[in-house]
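The values are calculated or read from the model by the stated rules, or taken from the named source; none is laboratory data. Every value quoted in this text rests on a predicted model; they were computed, and no experiment measured them. Heads up, the Cβs are rebuilt from the backbone with ideal geometry, glycines too, and the neighbour counts pull from every protein chain shown. Protein only, heavy atoms only, side chains kept; ligands, DNA and RNA dropped before computing areas. Shrake-Rupley method; radii C 1.70, N 1.55, O 1.52, S 1.80 Å.
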Amino acid sequence: MATYKTLPGFRDFYPEDCSLRNHLFNVWRQTSKRFGFQEYDGPVLESLELLTAKSGEEIVGQLFNFEDKGGRQVTLRPELTPTLARMVGAKANALPRPVKWFSIGENFRYERQQKGRLRSFYQFNADILGESGVIADAEVIGLLVESLCNQGLRAGEFVVRLSDRNLWYYFIESLGFTGEQAMGALGVIDKMERVPAEKSQAALAELGAKDPAATLKAISDFQELPDVCTIKAYLTNMDLEESARDKLLARLDVWRELLSLLIAAGLENFIKIDLRIVRGLAYYTGFVFEAFQTVGKGRALAGGGRYDDLIEKLGGAPMPAVGFGMGDVTLRDLLEEVDRLPKLIDKADIYLVYSGDDAFKTALADAYALRRQGLRAELNYKGAGMGKQFKQAASSGADFALVYGPDELAKGIVTVKHMRSGEQQEVPATQLVGSVLALWREG
Ligand code: HAM
């Protein structure tokens, strides 16, 4: 017989996986609400153009795109940021600022399947739009950190690597790259951690670097600078035009401002300045960051940054923006690795045990009455022996079993058994719902 499997990179969610997924989503939701974010959503299918317009090559090569039956070029969404930019751009004047929105949804990327990377994954996105001050960067980084902590992770198990495309842009400019070339150079820097040095050098040469080896060396040295003081000293000593140096040093003042807010929020143990991060998506304009696990395989848990031009470029009013996306796949793997996946208890409240057809109907009516009061009430569908039903009551995790045996029926009562203590009491059948609710509330 033919067996059908999920497509590569797609997952079935059996009930335990679904409860766990819901739990992760609930924590994301609760944490976002504590920061005053509102939930929104967009369509999973978008026009191809929206996604190809401004996200850059990396993501364009990973699209699940096709032509729909109306001849439109469409794609499943690989990320939510262009959708958000469109939505906010369309109503920019009507929305009170700052816009603080979050969303949890399924995204699709046609990637080579590997541990931590799937073709369908869920992503939690949180963004602040309409606020250009570093308080917005600090708040989204704060929400990122707090949501990982609320998922059960601790300082030392993950770190947010903080970098800056502005600083990089000014630095690249001082090395002689401008416009498109500078964007190309940022792309090379983004990949430097993953490709051999000769390849990076060749790519810089292709972009027009006069002395590719010296350029690569300057970039590699700059990447390693660990803090603002060292960056300042490096820039002060570097052979630079005065105007270029001033621009770079002025940017370091913005860095200090951001860092002071992160420190005030008590987040310093979670942040590491790391100029190796530049991010693969082309729309980022300022501070960028990625959260990585620091135990086990060191995979990325989340990534984000500032994208002040995207809304305008997609046809909306000019509006600064900053945010991040966090995936469910690496987060779940990491929680499993550090043995901190919650033990989710999926249990019944009440189990009804009966004997015979008449008792079944009475029990069924009571089960509905209890369900209407908000209790989870279950019973066997096939009239199994009472012994078997008691076993099922025990394995259902119910707090109480209600017994509808021949004696109970004859006396017009129901026996209510407290499953943990084994204590029993008889309740008049006519007062069953009120009595059970009162007992259940007592525990
Ligand atoms: P991203 O870095 O492409 O950023 O994705 C963010 C996170 O989504 C990653 O760190 C990872 O946890 C998860 N993720 C991405 N691709 C996959 C995959 N194939 N399988 C499993 N998980 C994956 C963005 O998407 C930006 N739009 C985030 C953003 C929001 N920037 C500003 N606002």
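Is there a residue in the range 267-283 that is surrounded by 20 or more Cβ atoms within 10 Å (Cβ to Cβ), under 30 Å from residue 53 (Cα atoms) and within 19 Å of the chain's Cα centre (by Cα)? Scanning the range 267-283 turns up at least one residue that is surrounded by 20 or more Cβ atoms within 10 Å (Cβ to Cβ), under 30 Å from residue 53 (Cα atoms) and within 19 Å of the chain's Cα centre (by Cα). Of the residues examined, residue 358 is not one that is touching an Asp or Glu at 6+ places or on another chain (Cβ under 9 Å), surrounded by fewer than 16 Cβ atoms within 10 Å (Cβ to Cβ), in contact (Cβ under 8 Å) with a residue 24 or more places away in the chain and of a type in the set (Asp, Glu).
Just so you know, in the range 116-156 the residues that are assigned to a helix (DSSP H, G or I) and open to solvent by 20 Å² or more (accessible area, probe 1.4 Å) include one that is farthest from residue 31 (Cα to Cα), and it is 135.
If you go through the range 61-76 and keep only what is within 16 Å of the ligand (Cβ to nearest atom) and touching a Leu at 6+ places or on another chain (Cβ under 7 Å), you end up with 63, 64, 65, 75, 76. Cβ-Cβ distances below 7 Å connect the following pairs, each with a first residue in the range 313-331 that is in contact (Cβ under 8 Å) with a residue 12 or more places away in the chain, a second residue that is outside any strand (DSSP E or B) and of a type in the set (Lys, Arg), and a separation of six or more residues or different chains: 313/54; 314/54; 314/86; 328/21; 330/299. Criterion first (in contact with a Leu (Cβ under 6 Å, 6 or more places away or on another chain), within 16 Å of the ligand (Cβ to nearest atom), assigned by TED's automatic domain parsing to the domain that holds residue 21 and charged (D, E, K, R)) does residue 190 satisfy it? Spelling it out, it is not the case that residue 190 is in contact with a Leu (Cβ under 6 Å, 6 or more places away or on another chain), within 16 Å of the ligand (Cβ to nearest atom), assigned by TED's automatic domain parsing to the domain that holds residue 21 and charged (D, E, K, R). Name the single residue that is surrounded by the fewest Cβ atoms within 10 Å (Cβ to Cβ) among those in the range 63-90 being touching a Gly at 6+ places or on another chain (Cβ under 9 Å) and assigned to a loop (DSSP other than H, G, I, E, B). If we take residues in the range 63-90 being touching a Gly at 6+ places or on another chain (Cβ under 9 Å) and assigned to a loop (DSSP other than H, G, I, E, B), then 79 is surrounded by the fewest Cβ atoms within 10 Å (Cβ to Cβ). Number of residues in the range 284-298 that are within 21 Å of the chain's Cα centre (by Cα) and more than 8 Å from the ligand (Cβ to nearest atom): the value is 10. Scanning the range 332-355 for residues that are in contact with a Lys or Arg (Cβ under 8 Å, 6 or more places away or on another chain), more than 16 Å from the ligand (Cβ to nearest atom), touching a residue at least 60 places away in the same chain (Cβ under 8 Å) and farther than 16 Å from residue 154 by Cβ gives 349, 350. Is it true that some residue in the range 105-123 is under 20 Å from the mean Cα position of the chain (by Cα) and at positive phi? Among the residues of the range 105-123, at least one is under 20 Å from the mean Cα position of the chain (by Cα) and at positive phi, which makes the answer yes.
When you scan the range 127-147, do you find a residue that is among the hydroxyl-bearing types (Ser, Thr, Tyr) and without any contact (Cβ under 8 Å) to a residue 24 or more places away in the chain, even just one? Checked against the condition, which is being among the hydroxyl-bearing types (Ser, Thr, Tyr) and without any contact (Cβ under 8 Å) to a residue 24 or more places away in the chain, the range 127-147 yields no hits at all. Summed over the range 298-318, the residues that are in a loop (DSSP other than H, G, I, E, B), at positive phi and either touching a helix residue (DSSP H, G or I) at 6+ places or on another chain (Cβ under 9 Å) or not assigned by TED's automatic domain parsing to the domain that holds residue 100 (or both) give a count of 1. If you check residue 378 against the conditions, is it free of Cβ contacts under 8 Å to residues at least 60 places away in the same chain, within 16 Å of the ligand (Cβ to nearest atom), open to solvent by 10 Å² or more (accessible area, probe 1.4 Å) and not hydrophobic (A, V, I, L, M, F, W, C)? When the stated conditions are applied, residue 378 does not pass them. Check the range 107-115 and report whether any residue there is part of a loop (DSSP other than H, G, I, E, B), near the ligand (Cβ under 10 Å from one of its atoms) and open to solvent by less than 40 Å² (accessible area, probe 1.4 Å). Scanning the range 107-115 turns up at least one residue that is part of a loop (DSSP other than H, G, I, E, B), near the ligand (Cβ under 10 Å from one of its atoms) and open to solvent by less than 40 Å² (accessible area, probe 1.4 Å).
Scanning the range 302-323 for residues that are touching a Gly at 6+ places or on another chain (Cβ under 6 Å) and near the ligand (Cβ under 7 Å from one of its atoms) returns 304, 323.
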